[in-house]
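Structure first, then comments.
The values are calculated or read from the model by the stated rules, or taken from the named source; none is laboratory data. Just so we're clear, the structure is a prediction, and the values are computed from it rather than from any experiment. Positions of Cβ are backbone-derived with ideal geometry, glycine not excepted, and every protein chain shown enters the neighbour counts.
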Amino acid sequence: MALANLKQTATEARLSELTLPVGGCLAEARRAALSRVQTMGLPGRRDEYWKYTRPDTLTQAIAPTAAVFQHDEAPIFDEFDCLKIVFVDGVFDAEASDDLQLEGVQIDRLSDIESQDIHWSKDLYGVLEARGQDPVPRPLAALNTAFAKDGVVIRVTGKPSKPINLIYNHQSESSDAMLHHVIRIDAGAEVTVLENGPAAARFNKCSEIDIADGGALHMICAQGRDHERRAATHLFARLGEKSVFKCFTLTVNGVLTRNEAVVELLGDDAVVHIAGACVGDGDFHHDDTVFITHVAENCESRQVFKKVLRNGATGVFQGKILVKSTAQKTDGYQISQALMLDDDSQFLAKPELEIYADDVACSHGTTSGAIDEEALFYLQSRGVPRRDATNLLTLAFLAEAVSEIGNQDIVDTIVCRLENWLIRRL
Amino acid sequence: MAALDQTQVKEGIDQETVDAVREVGGAYKHGWATDIEMEYAPKGLTTDIVRLISQKNEEPQWMLDWRLQAYDRWLTKEEPSWAMVDYPEIDFQDQYYYARPKSMEVKPKSLDEVDPKLLETYKKLGIPLKEQMILAGVEGAENAPAEGRKVAVDAVFDSVSLGTTFKAELAEAGVIFCSISEAIREHPELVKKYLGTVVPVSDNFYATLNSAVFSDGSFVYVPPGVRCPMELSTYFRINAENTGQFERTLIIADKGSYVSYLEGCTAPARDIAQLHAAVVEIIIEEDAEVKYSTVQNWYPGDENGKGGIYNFVTKRADCRGDRAKIMWTQVETGSAVTWKYPSCILRGDDSQGEFYSIAITNNYQQADTGTKMVHLGKNTKSRIVSKGISAGHAQNTYRGLVSMHPKAKNARNYTQCDSLLIGNKCGAHTVPYIEVKNNSARVEHEATTSKVDDDQLFYCRSRGMDEEAAVALVVNGFCKDVLQALPMEFAMEAQQLVAISLEGSVG
């Protein structure tokens, strides 16, 4: 009883700092989302789903401050020709952004469609998020649906000539940002979306993704290297027949990150790959929480997560494959691995399978351990100094997850960055 | 041609599986009841009932105080709801907490004085209560050539222990094997020292309930350096209606000792579900080893999910000394609901824990079972092999924890949990928790879910085996890792059970 009260008080405190945008075509979805938040309450420490990650700094009314990371590196995806959309501390920056015109894509700013009465995204906004609340509540996503004032809605009708790059800059120490994106891939359409940057001191992002039959979406995200930033991101995806969704997230630094992916395979022969690599040093807590539901037949899902941890860093993985009785011939795979470079770090995992169909092949694996001494010895015997050998093996460990990205140029860029960071830092 | 054959196998497979196992198996074999005059405590749970149980067992005051304290704690606790099992709310006041055959009112001095009707019950179950060299738990074994192995049996019938065989011979070796009620009276110093030290009174809702109302169970003490001269076993039988069985087992393996303990259980087929909440505590000192094997065959309910035993069990072994070793092996085929996680606390350096499990659910059975391996000491090792088979409308969940504490340097764990589904109305789930807090610890977890493998079947058939034999072989092969870990007597029974419990799994 006391606990429920505590939760309610915390939820009310958070809500009291926010104002619900009124009017427009999204108003109803926002009200419904608010009511979901009020019913569920914001996450608390005793919630099973938050067993390994303390949600308090993500839910408290005022965001903890975070210093802006100073570095002289170019943004990670700068070398690629992209359509750039820039947000600064969670607010769209028209000047820094490219013109939102690109053949095969229709892009609108969320705050612009808010004032319209009719927009295609109305049928998706908050809809996929609401679907993703069962069986596990994700109140931070509902909070986002209710209160996020900015973001983009992207409708892909063809195969645009270049990727869309969402850039999240962090400038204010005390920024508390919420962004909500809706991405709809029409039948047979295909696009690559790149995301990078820390976004804010505290960042709450929710992406709703609807991929129609035969559509394809490739998402690659690099979460920025600010040490003190906090982020809770949600991704809700719904896949049609023969559609493809591939998503990779790179996280280096950040005091707290919780990335949730909730994917439903509704059309036969759909494919989803969710991958992630993270490098944590010191005060670093990284949580990947994935929930994949197989509804249709003959679909493939693949989860590959690699974590490198040192100096007391914590890595969390909670992955679930749910195979409904209709999803015969499912091919489900999940692997989560941690490489712990010293004795102070932690790896906490809960890889789950829940299966109701009999003709399926599902497997999951989890491993955790120190760097392979024999491999180190081998490299040293070949004249590689121990420190370089450690970096090399660490990189090789991470590269397995990075190579889940289909585009080799992007793989090379990320591996090159990781190499720089590891060698400079280790 | 070969391809065509293969396709036919694929289409026919589930039906064939069922047919094959139906051939081997039958319905639940132990569903009959013993007609005997019983003495009950009044229904419901109050401090008076706790006092009554204590008084019936002629317990000293300290034991009663312990129970009453547990009862107070129980009142403040809530029933856990996290397991993937779904059953109607249990009315804890609508149960009998104590039932004993009238003939047991005056304690028989030996098994010879026990009511023949009761002895007949165990004979019918195939449990030898005579001190003779026969295999336990296997029907028809009386006619089989004796292996020269002895098994001492403690027979628990509803709330009381009827007696224990081979007591004298065990005493000669220094081994104490008796009912827990007797141990409380005869060996209070041992019970006081160890009871509740592995599973604390307030550990969980059901363990707390058990601490308040446990009526009987077995007690084992193996002194330092003694290798127990025979296998010990307890056979639990629930007979009375609306009666819960709450047994408590306490096993202490002192320094350098060894004991193998077997546990079996059955109950009559009744329409109303019955409650079973047991606690097993095992203490293993330096260099000692305990093997604990269970064949759980409580009444699973009928094919529509009516009746059956609700089995809520807390089992835990504490490897206190260095190089202590525990091996849990379980074959779970019975019970309507199973909630059971035999666990290992690996406290001593170089201690080892092993957990081998087969859980088979059919019809409307639900099993949520697994283990906890808590690595506290250096160089501790654990191994988990779990096989879940789900058929009919059943739900089968593996739930486990592997925890590597910061001081558990060079600890190792290997976990493998595989699930097999027969039919598409059942479910197989895996919920492992892995917590690693030092980098020299190595953890490996693997899980797979599949159906009976067509290629394996095809291979067996191409070697001239008929389909029924092939399916039986594949299913038994799936369970092989676990069956091999069982003592021989149990392995035979378990193999039969594997077939029987899948009976009627489709259609």
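Which of the following residues is buried (at least 19 other Cβ atoms within 10 Å of the Cβ) and more than 30 Å from A:ASP283 (Cα to Cα): A:VAL153, A:VAL86?
A:VAL153
Just to confirm my filter: which helices (runs of 4 or more DSSP H) fall fully inside segment A:38-135 and include at least 1 residues that are within 30 Å of A:GLU190 (Cβ to Cβ)?
Of the helices (runs of 4 or more DSSP H) lying wholly inside segment A:38-135, those with at least 1 residues that are within 30 Å of A:GLU190 (Cβ to Cβ) span A:110-114, A:127-131.
Looking at (1) out of contact with any strand residue (DSSP E or B) (no Cβ under 6 Å at 6 or more places or on another chain); (2) over 28 Å from B:ALA212 (Cβ atoms), which is the one condition that is false for B:SER257?
Only one criterion is unmet by B:SER257, namely (1).
Residues that are over 26 Å from A:GLY267 (Cβ atoms) and in contact with a His (Cβ under 8 Å, 6 or more places away or on another chain), at least 2 per element: which strands (runs of 3 or more DSSP E) completely within segment A:314-379 meet that?
In segment A:314-379, A:314-323, A:361-369 are the strands (runs of 3 or more DSSP E) which contain 2 or more residues that are over 26 Å from A:GLY267 (Cβ atoms) and in contact with a His (Cβ under 8 Å, 6 or more places away or on another chain).
When you check A:VAL193 against the structure, is it β-branched (Val, Ile, Thr) and either touching a residue at least 40 places away in the same chain (Cβ under 8 Å) or in contact with a Gly (Cβ under 7 Å, 6 or more places away or on another chain) (or both), yes or no?
No.
Hey, could you check segment B:191-228 for residues that are closer than 22 Å to B:GLN55 by Cβ and aliphatic (A, V, I, L, M) and say which is surrounded by the fewest Cβ atoms within 10 Å (Cβ to Cβ)? Walk me through it before giving the result.
As a first pass, look at segment B:191-228 and keep what is closer than 22 Å to B:GLN55 by Cβ: B:191-192, B:195-196, B:201, B:208-219.
Narrowing the set further to residues that are aliphatic (A, V, I, L, M) leaves B:191, B:195, B:201, B:209, B:212-213.
Values: B:VAL191: 22, B:LEU195: 23, B:VAL201: 20, B:LEU209: 25, B:ALA212: 25, B:VAL213: 26.
So the residue we want is B:VAL201.
How about segment B:376-386: which of its residues are closer than 10 Å to B:ASN413 by Cα and touching a Cys at 6+ places or on another chain (Cβ under 9 Å)?
B:THR380, B:SER382, B:ILE384
Taking the conditions exactly as written (surrounded by 21 or more Cβ atoms within 10 Å (Cβ to Cβ) and either touching a helix residue (DSSP H, G or I) at 6+ places or on another chain (Cβ under 6 Å) or facing another protein chain (nearest Cβ under 10 Å) (or both)), does A:GLY315 satisfy them or not?
yes
Condition check: touching a His at 6+ places or on another chain (Cβ under 9 Å), crowded, with 24+ Cβ neighbours inside 10 Å and outside any loop (DSSP other than H, G, I, E, B). Does A:ASN144 satisfy that?
Against the criterion (touching a His at 6+ places or on another chain (Cβ under 9 Å), crowded, with 24+ Cβ neighbours inside 10 Å and outside any loop (DSSP other than H, G, I, E, B)), A:ASN144 qualifies.
Restricting attention to segment B:160-213, and to residues there that are among the acidic types (Asp, Glu) and more than 21 Å from B:TRP74 (Cα to Cα), which single residue is modelled with the highest pLDDT?
Looking at residues that are among the acidic types (Asp, Glu) and more than 21 Å from B:TRP74 (Cα to Cα), I get B:GLU189.
What residue, among those in segment A:210-238 that are more than 12 Å from the chain's Cα centre (by Cα) and of a type in the set (A, V, I, L, M, F, W, C), is surrounded by the fewest Cβ atoms within 10 Å (Cβ to Cβ)?
Out of the qualifying residues, it is A:ALA212.
Going through segment B:369-383 one residue at a time, which ones are crowded, with 21+ Cβ neighbours inside 10 Å and over 13 Å from the mean Cα position of the chain (by Cα)?
B:MET373, B:VAL374, B:HIS375, B:GLY377, B:THR380, B:SER382, listed by residue number.
Any residue at all in segment B:462-476 that is outside any loop (DSSP other than H, G, I, E, B), out of contact with any strand residue (DSSP E or B) (no Cβ under 9 Å at 6 or more places or on another chain), within 17 Å of B:THR333 (Cβ to Cβ) and modelled with pLDDT of 70 or more?
yes
Quick test for you: out of B:GLY353, B:GLY334, pick the one residue that is out of contact with any Asp or Glu (no Cβ under 9 Å at 6 or more places or on another chain), crowded, with 24+ Cβ neighbours inside 10 Å and without any contact (Cβ under 8 Å) to a residue 40 or more places away in the chain.
Checking each option against the conditions leaves just B:GLY353.
Can you tell me which residue within segment A:37-60, out of those that are charged (D, E, K, R) and in contact with a Leu (Cβ under 9 Å, 6 or more places away or on another chain), is surrounded by the fewest Cβ atoms within 10 Å (Cβ to Cβ)?
Here the answer is A:ARG46.
Which ones in segment B:90-105 are in a loop (DSSP other than H, G, I, E, B) and either in contact (Cβ under 8 Å) with a residue 60 or more places away in the chain or within 30 Å of B:CYS426 (Cβ to Cβ) (or both)?
Correct list: B:ILE90, B:ASP91, B:PHE92, B:ASP94, B:GLN95, B:TYR97, B:TYR98, B:GLU105.
Looking at segment B:419-451, which of the residues that are closer than 16 Å to B:LEU401 by Cβ and aliphatic (A, V, I, L, M) is farthest from the other protein chains (Cβ to nearest Cβ)?
It comes out as B:ALA441.
Which count do you get for residues in segment A:348-375 that are more than 7 Å from chain B (Cβ to nearest Cβ) and modelled with pLDDT of 95 or more? Explain how you work it out, then say what you get.
Looking only at segment A:348-375, we keep the residues that are more than 7 Å from chain B (Cβ to nearest Cβ), and these are A:371-375.
From what's left, modelled with pLDDT of 95 or more: none.
Total meeting the criteria: 0.
Residue-wise test of (1) at positive phi; (2) modelled with pLDDT under 90; (3) part of a helix (DSSP H, G or I).
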{"residue": "B:GLU59", "(1), (2), (3)": "no, no, no"}
{"residue": "B:TRP62", "(1), (2), (3)": "no, no, yes"}
{"residue": "B:PRO88", "(1), (2), (3)": "no, no, no"}
{"residue": "B:LYS107", "(1), (2), (3)": "no, yes, no"}
{"residue": "B:LEU119", "(1), (2), (3)": "no, yes, yes"}
{"residue": "B:ILE127", "(1), (2), (3)": "no, yes, no"}
{"residue": "B:ILE134", "(1), (2), (3)": "no, yes, no"}
{"residue": "B:GLY137", "(1), (2), (3)": "yes, yes, no"}
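B:GLN395 fails exactly one of the following numbered conditions: (1) within 11 Å of chain A (Cβ to nearest Cβ); (2) more than 21 Å from A:ASP358 (Cβ to Cβ). What is the number of that condition?
The failed condition is (2).
With respect to A:ASP269, is the statement that it is more than 20 Å from A:ALA148 (Cβ to Cβ) and either of a type in the set (Lys, Arg) or modelled with pLDDT of 95 or more (or both) true?
yes
Scan A:HIS218, A:HIS234 and give me the residue that is closer than 29 Å to A:LYS7 by Cβ, in contact (Cβ under 8 Å) with a residue 24 or more places away in the chain and part of a strand (DSSP E or B).
Exactly one of A:HIS218, A:HIS234 is closer than 29 Å to A:LYS7 by Cβ, in contact (Cβ under 8 Å) with a residue 24 or more places away in the chain and part of a strand (DSSP E or B), namely A:HIS234.
In segment A:19-31, how many are of a type in the set (A, V, I, L, M, F, W, C) and crowded, with 16+ Cβ neighbours inside 10 Å?
Counting residues in segment A:19-31 that are of a type in the set (A, V, I, L, M, F, W, C) and crowded, with 16+ Cβ neighbours inside 10 Å gives 3.
Restricting to segment B:459-469, and then to whatever is crowded, with 16+ Cβ neighbours inside 10 Å and touching a residue at least 24 places away in the same chain (Cβ under 8 Å), can you tell me which residue is nearest to the other protein chains (Cβ to nearest Cβ)?
Checked segment B:459-469; the qualifying residue nearest to the other protein chains (Cβ to nearest Cβ) is B:GLU467.
Please go through segment B:64-86 and pick out each residue that is in a loop (DSSP other than H, G, I, E, B) and surrounded by fewer than 18 Cβ atoms within 10 Å (Cβ to Cβ).
The answer is B:THR76, B:LYS77, B:GLU78, B:GLU79, B:PRO80, B:SER81, B:TRP82, B:MET84, B:ASP86.
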